[in-house]
Amino acid sequence: MSFFAHESAYIDDGATIGDSTKIWHFCHVMSGAEIGEHCSLGQNVFVANRVIIGNHVKIQNNVSVYEGVILEDYVFCGPSMVFTNVKTPRSAYPRNTSDNYLTTRVKYGASIGANATVICGVTIGEWAFVAAGAVITKDVPPYSLMAGVPARHIGWVCECGVTLAFAREETTCDNCGKQYRQVSVDRIERTA
Ligand SMILES: [Zn+2]
């Protein structure tokens, strides 16, 4: 295996970590975790059992990826953003087994801003963009820009990360030239 882990990181026996992945100071990766190739885990990142992380995923400092979370390829997790895996936690009524954990899926290319919170059980669509500090409480369509508490859809973003303006049904990214079409009020697709 040719990944890098800083000497201060704990990689439990049995964890699967792909080539060229870098795991920085004070991280903890549990035994059942699967992490792909060319990923970066910043300082103080926790990856639980049964978590699946794809390739080219970047996780900034102070993120805990709890059991039930799936991160597809090229997902970006901003610093100190928060995942959860139990919807109604109670210390007096423990819900802390795998059966209690809801699945949260972050799809290909999506970005989650600093300090955002993702309530468990949702799917964040491909290339979606969650603004810093937003609280995601429901599914997010692909390419959707979400902001606020609770997060609302406030626009669309290109795969390159720049906001898209739709004057009509079709638009071209000012930054990279990719083209998109609005399919419905809550759905766009890339056409070129
Ligand atoms: Zn673009």
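The values are calculated or read from the model by the stated rules, or taken from the named source; none is laboratory data. Computed from a predicted model, the values in this text were never measured in an experiment. Cβ placement follows ideal geometry from the backbone for every residue including glycine, while neighbour counts extend to all protein chains displayed.
Being part of a loop (DSSP other than H, G, I, E, B), of a type in the set (A, V, I, L, M), more than 18 Å from the chain's Cα centre (by Cα) and more than 16 Å from the ligand (Cβ to nearest atom) is a property that does not hold for ALA114. Residue pairs whose Cβ atoms lie under 7 Å apart, separated by 6 or more positions or on different chains, with the first residue in the stretch 159-182 and without any contact (Cβ under 8 Å) to a residue 40 or more places away in the chain and among the small types (Gly, Ala, Ser) and the second more than 7 Å from the ligand (Cβ to nearest atom) and in a strand (DSSP E or B), are ALA165/THR171. Taking the criterion of being out of contact with any strand residue (DSSP E or B) (no Cβ under 7 Å at 6 or more places or on another chain), on the phi < 0 side of the Ramachandran plot and within 9 Å of the ligand (Cβ to nearest atom), the residues of the stretch 170-189 that qualify are ASP174, ASN175, CYS176.
Is at least one residue of the stretch 146-163 more than 12 Å from the ligand (Cβ to nearest atom), buried (at least 20 other Cβ atoms within 10 Å of the Cβ), at pLDDT 95 or above and in a strand (DSSP E or B)?
The answer is yes; a qualifying residue exists.
When SER98 is tested against (1) within 16 Å of the ligand (Cβ to nearest atom); (2) in contact (Cβ under 8 Å) with a residue 40 or more places away in the chain; (3) more than 14 Å from the chain's Cα centre (by Cα), exactly one condition is not met: (1). Here LYS58 passes the criteria (1) touching a Leu at 6+ places or on another chain (Cβ under 7 Å); (2) surrounded by fewer than 20 Cβ atoms within 10 Å (Cβ to Cβ) except the one numbered (1).
Within the stretch 32-44, is even one residue surrounded by 18 or more Cβ atoms within 10 Å (Cβ to Cβ) and among the hydroxyl-bearing types (Ser, Thr, Tyr)? No: zero hits.
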